[in-house]
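All remarks here apply to the structure that follows.
Every number in this text was worked out from the coordinates using simple rules, so none of it is lab data. Treat the numbers as computed from the prediction; the structure is a model and nothing was measured. All Cβ positions, glycine included, derive from the backbone under ideal geometry; neighbour counts span all protein chains shown.
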Amino acid sequence: SLSVLPEQIVKQINTKIFLYLLFNNIYKRIRDRLENRKSESCWELVYGVQTKDDLSALNAEVFHTLPNPIGRNWADPFIYKYNGQQYVFVEEIVFPSEKGRIAYFKLNEQGCVEDHGIALETDYHLSYPYIFEDNGKYFMLPESSSTNALQLYECVRFPDQWRLYKTLINNVQAVDSSLLFYEGLWWLFTNLSLLGEPRNDDLYIFYADSLDGEWYPHKLNPVKRDVCSARGAGKIFTQNGNIIRPSQDC
């Protein structure tokens, strides 16, 4: 036989069902966001000790993964040796923010992180901390494309105090810019976004006779149009007389 439940009990059951569905929905949303965040945080740092100055000797066995700290994501590593100590400068994002800042840490011989700190933080996103030296001074050229300018910073105290030195080029959205001093000139390699085009496709070069001088565009700009190799991926270096520019496969 069927019995009719009192209206008050029906309301209580409906309320419980509603609360269950509500909290279940909230739980799933939180879980999905955490899973999405986890999947988005795919960048990992790896390090290796290379005893030979020979790229052909590099293989996967010499590299080890350096785990991201809890709640943070590290990317764009640049190593700089200062007073005999290896410093690593990285883009650091602290969840749930998506704004990057420049962090640093020491990496000892055992591959352990020491003395983690913040090198540079602004109101806008920073990444790709290109560190270099010129006439005994240390400089950083981080990505700051949201400012529509290429901004150069000078070190006040290594590694954690930097001041804005000058704007190299205005009115550009430049990403992952790298500098090279070669045959008496400074050469700037960068990816620009022009007229809404993607920033991964086109490599541009500018040059100047000094960091304080005027920057001129290369007459063949863009010098490379290839999404597989145009965007910079680290410090430019020389080996066996050849200039080598690391690039990303985007």
Relative packing of 120-132, 203-215, which averages over residues the other C-beta atoms within 10 Å, highest first: 120-132, 203-215
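Between their Cα atoms, which of LYS106/LYS137; LYS166/LYS219; LYS99/LYS137 are more than 23 Å away from each other?
Working: LYS106/LYS137 20 Å; LYS166/LYS219 25 Å; LYS99/LYS137 28 Å.
Cα-Cα > 23 Å for LYS166/LYS219; LYS99/LYS137; rest within.
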Ordering of 102-109, 76-83, 233-240 by packing [mean C-beta count within 10 Å, highest first]: 102-109, 76-83, 233-240
Interchain or long-range residues, amide H under 5 Å from SER144's placed H: GLN151
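Suppose the chain between GLU61 and GLU44 were pulled fully straight at 0.36 nm per residue; how much longer would it get relative to their current alpha carbon spacing? Walk me through the numbers on the way to the answer.
Values: separation 17, 0.36 × 17 = 6.12 nm, distance 1.64 nm.
Full-extension gain reported as 4.5 nm.
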Residues whose placed amide H lies under 5 Å from that of TYR165, excluding near-sequence neighbours: LEU152, TYR153, GLU154
Under Karplus coefficients 6.51, -1.76 and 1.60, residue-wise ³J(HN,Hα) of region 153-159 in Hz, glycine/proline x: 10, 10, 6, 8, 8, 7, x
